Amino acid sequence: MTPLCTTIAGSLPKPSWLAEPEALWAAWKLDGDALAEGKRDAVRLVVRDQERAGIDVVSDGEQTRRHFVTTFIEGLDGVDFEHRKTVRIRNRYDASVPVVVGAVARRHPIFVDDAAFLRAQTDRAVKYTLPGPMTMVDTLSDAHYGSREKLAWAFAEILNEEARAIAAAGVDVIQFDEPAFNVYFDEVRDWGVAALERAAQGLSCTKAVHICYGYGIKANIDWKKSLGSEWRQYEETFPRLAASTIDQVSLECAHSHVPIDLIGLLEGKDVLVGAVDVATDRGETPEEVADVIRQALRFVPADRLYPCTNCGMVPLARDVARQKLRALGAGAELVRRELN
């Protein structure tokens, strides 16, 4: 595979005819067959955007999902979406969330058809994202299990069923999103990494985990301001992931206070280093992206380094996201030429 393969962390902005632009979890503007067709048209568009920008491992940009966690949970038994509760999630902001009222179970494939459609849209390697078990637990109110760990293990088994089916559809990488790993360090140690490994158990494709400091929204930006001049949360999680069966770790880097040397703790893993900041509307230049990559190359060999975005870009304007994608592709190409 090409050195410094580029990819994205998660979501991309949706077209204005599909959902309200620059908004998280926006309601669909279409329904029925028109919605199904609109979602697939949106996937086609973001695949082309990534290809034109020089992105090597492309994704569907989560165009078929309103929310990176709850859209998956909508396909499960045991969860009540009508009688929601407001709870504190990620230990920093309140959200109205569904309630677990019984044993959770996967009644049918949830994203498998969407993954197969993505696979058919491009000759490039493709990545599909799923929520991680700890982050699923942290995006719900539990009125049944009485234990975050027990619920996480139930979700891990369900995720594994879904991930195996997605891998069988020809997807090259399955990424589990675990922003909760940057918050609940005792749980990461006690059961979080083990539950993640259970979710990825036996997969025939590359297994990745994405850990970031969240979307570029006010609650996350305010939280980051409280973290001081150095963000060392990765110091807690990276050694545990380095010892795990996960193949790739995706992290936030650009315009952050993460000490770059922390990625050296991921020895032996592919590192998806966030070289594009999603908390600003300003588009990076290729040289700015290249500079982040050069710093990361001090600690990760080129064949294990994947320039990436810090997080999902759904709250951004589409033209801003496209500019950032182009900068990511061009910045990686600058460094490839230097290496040659």
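Restricting the range 132-155 to residues that are over 18 Å from THR7 (Cβ atoms) and in contact (Cβ under 8 Å) with a residue 60 or more places away in the chain leaves a set whose member that is surrounded by the fewest Cβ atoms within 10 Å (Cβ to Cβ) is HIS144. Look at (1) within 21 Å of the chain's Cα centre (by Cα); (2) surrounded by 17 or more Cβ atoms within 10 Å (Cβ to Cβ); (3) over 21 Å from THR280 (Cα atoms); (4) at pLDDT 95 or above and you find that ILE89 fails only one, number (4).
When GLY10 is tested against (1) at pLDDT 95 or above; (2) within 27 Å of VAL335 (Cβ to Cβ), just one condition goes unmet, and that condition is (1). Selection of helices (runs of 4 or more DSSP H) fully inside the range 152-259 by the criterion of at least 1 residues being within 25 Å of ASP113 (Cβ to Cβ) returns 193-199. Summed over the range 56-68, the residues that are in contact with a helix residue (DSSP H, G or I) (Cβ under 6 Å, 6 or more places away or on another chain), assigned to a loop (DSSP other than H, G, I, E, B) and on the phi < 0 side of the Ramachandran plot give a count of 4. So, GLU252, is that one in contact with a Lys or Arg (Cβ under 9 Å, 6 or more places away or on another chain) and among the acidic types (Asp, Glu) or not? Spelling it out, it is not the case that GLU252 is in contact with a Lys or Arg (Cβ under 9 Å, 6 or more places away or on another chain) and among the acidic types (Asp, Glu). LYS324 meets each of the listed conditions (1) outside any loop (DSSP other than H, G, I, E, B); (2) surrounded by fewer than 20 Cβ atoms within 10 Å (Cβ to Cβ); (3) touching a residue at least 40 places away in the same chain (Cβ under 8 Å) apart from (2). Considering (1) exposed (fewer than 15 other Cβ atoms within 10 Å of the Cβ); (2) under 30 Å from ALA103 (Cβ atoms); (3) of a type outside the set (Phe, Trp, Tyr), the lone condition that HIS67 does not fulfil carries the number (1). Checking each residue in the range 79-130 for being in a loop (DSSP other than H, G, I, E, B) and over 18 Å from ASN160 (Cβ atoms) picks out ARG90, ASN91, ARG92, GLN121, THR122, ASP123, ARG124.
Give just the number: which of (1) buried (at least 17 other Cβ atoms within 10 Å of the Cβ); (2) part of a loop (DSSP other than H, G, I, E, B); (3) of a type outside the set (D, E, K, R) does LEU262 not satisfy? That leaves (2) as the condition not met. Within the range 204-233, the set of residues being more than 22 Å from THR129 (Cβ to Cβ) and modelled with pLDDT of 75 or more comprises ASP222, LYS225, SER226, LEU227, GLY228, SER229, GLU230, TRP231, ARG232. Considering each residue of the range 238-254 in turn, none proves to be surrounded by fewer than 23 Cβ atoms within 10 Å (Cβ to Cβ), over 29 Å from CYS205 (Cβ atoms) and either within 17 Å of the chain's Cα centre (by Cα) or not basic (Lys, Arg) (or both). Just one of the numbered conditions (1) in contact (Cβ under 8 Å) with a residue 24 or more places away in the chain; (2) under 21 Å from ALA27 (Cα atoms) is not true of ALA105: (2).
Could you tell me whether the range 293-309 includes any residue that is within 19 Å of the chain's Cα centre (by Cα) and over 25 Å from GLY264 (Cβ atoms)? So far as the range 293-309 goes, no, none of its residues is within 19 Å of the chain's Cα centre (by Cα) and over 25 Å from GLY264 (Cβ atoms). Restricting to the range 26-49, what's the tally of residues that are buried (at least 16 other Cβ atoms within 10 Å of the Cβ) and part of a loop (DSSP other than H, G, I, E, B)? Of the residues in the range 26-49, 1 are buried (at least 16 other Cβ atoms within 10 Å of the Cβ) and part of a loop (DSSP other than H, G, I, E, B). Residues that are acidic (Asp, Glu) and assigned to a loop (DSSP other than H, G, I, E, B) were ranked within the range 277-320; the one that is surrounded by the fewest Cβ atoms within 10 Å (Cβ to Cβ) is ASP281.
The values are calculated or read from the model by the stated rules, or taken from the named source; none is laboratory data. Everything numeric in this text was worked out from a predicted model, so none of it was measured. Note: ideal-geometry Cβ built from the backbone for every residue, glycine included; neighbour counts use all protein chains shown.
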